[in-house]
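Report on the following structure.
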Amino acid sequence: MPQLTPIATVVDHFDIPLSTLHYWERRGLLTTHRRGGRRCYDQDQLYRIALIKQWQTTGLMSLDEIATLLTARSSTADWRATVTTHVTAIDNHMRELEIARHYLHWLLTCSRDGDLEHCPGYRSSVTLPE
């Protein structure tokens with residue numbers, strides 16, 4: 001019999017609300033075992049929980065994207081396409097954030113303190129309709 005970890009230990013260890021684990025189970029992302037009527041997780045499911053949490057936080061993936069990746073391993077679906085699409089979206093967002101960061105730093109140096117729509121540098125960067 002595999003070693004099973006009680007749900008309370010999982011909640012504490014991964015700092016995940018109990019309701020989140022229940023939701024992931026309802027979505028089919030996790031499989032639990034029962035011991036004494038309580039949910040427990042085997043080692044493979046613990047790794048899966050860690051992976052889901054990592055994909056949500058560092059990969060900025062939605063549960064739908066995560067579900068696609070988790071099911072793609074055992075189907076003909078191309079998980080690489082999902083990851084590639086997500087990387088492209090992150091790259092685009094990073095470019096947008098870099099532009100925003102540059103612009104905000106630039107505003108801090110504008111000589112028109114508090115009158116930013118009249119900042120000469122800003123006005124020179126905007127194209128207006130003719």
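Each value in this text was obtained by applying a stated rule to the coordinates, not by laboratory testing. Every value quoted in this text rests on a predicted model; they were computed, and no experiment measured them. Virtual Cβ from ideal backbone geometry, glycine too; neighbours counted across all protein chains shown.
Cut-off is 10 Å between beta-carbons; in what order do Thr82, Thr88, Thr9 appear when sorted fewest neighbours first? List each step's numbers first, then the result.
Working: Thr82 17, Thr88 10, Thr9 13.
The most exposed by this proxy come first: Thr88, Thr9, Thr82.
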Picking from His13, Ser125, Cys40, whose Cα lies most toward the positive end of the charge dipole for the chain (charges on Cβ: Lys, Arg +1; Asp, Glu -1)? Cys40
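Could you give the dipole magnitude of region 1-75 about its Cα centre, charging the beta-carbon of Lys and Arg +1 and that of Asp and Glu -1, in debye to the nearest 20? The partial results should precede the final answer.
Values: 9 positive and 7 negative charges, 55 e Å.
Dipole about the Cα centre, nearest 20: 260 debye.
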For the pair Ala81/His33, report the inter-label distance in nm, with labels modelled 7 Å from Cα in the Cβ direction. 3.7
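Could you size up the charge dipole of the chain around its Cα centre, putting +1 on the beta carbon of Lys and Arg and -1 on that of Asp and Glu, and report it in debye to the nearest 20? Write down the numbers at each step before the final one.
Working: 14 positive and 15 negative charges, 157 e Å.
That gives a dipole near 760 debye.
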Report, by chain and number, residues whose modeled amide H sits under 5 Å from the one on Met61, excluding near sequence neighbours (fewer than 5 apart, same chain). Gln56
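Return Tyr47, Tyr41 ranked ascending by Cβ neighbour count within 10 Å, so the fewest neighbours appear first.
Numbers: Tyr47 11, Tyr41 24.
Fewest-to-most Cβ neighbours within 10 Å comes out as Tyr47, Tyr41.
Once R0 is set to 25 Å, what does the formula 1/(1 + (r/R0)^6) return for the Cβ-Cβ distance between Leu107 and Glu130, expressed as a FRET efficiency to the nearest 0.05? Let's see the in-between values first.
Details: r = 26 Å, r/R0 = 1.05.
E(calc), rounded to 0.05, equals 0.45.
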Estimated inter-spin distance, Tyr47 and Ile90, nm [label 7 Å along Cα→Cβ]: 2.1
Based only on other Cβ atoms within 10 Å, what is the fewest-to-most ordering of Val87, Val11? Val87, Val11
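Under a Cβ-Cβ cut-off of 11 Å, what is the net charge of the residues other than Leu30 that fall near it, where Lys and Arg count +1 and Asp and Glu count -1?
Details: positive: Arg26, Arg27, Arg39, Arg48; negative: Glu25, Asp42, Asp44.
Counting the neighbours of Leu30, the net charge comes to +1.
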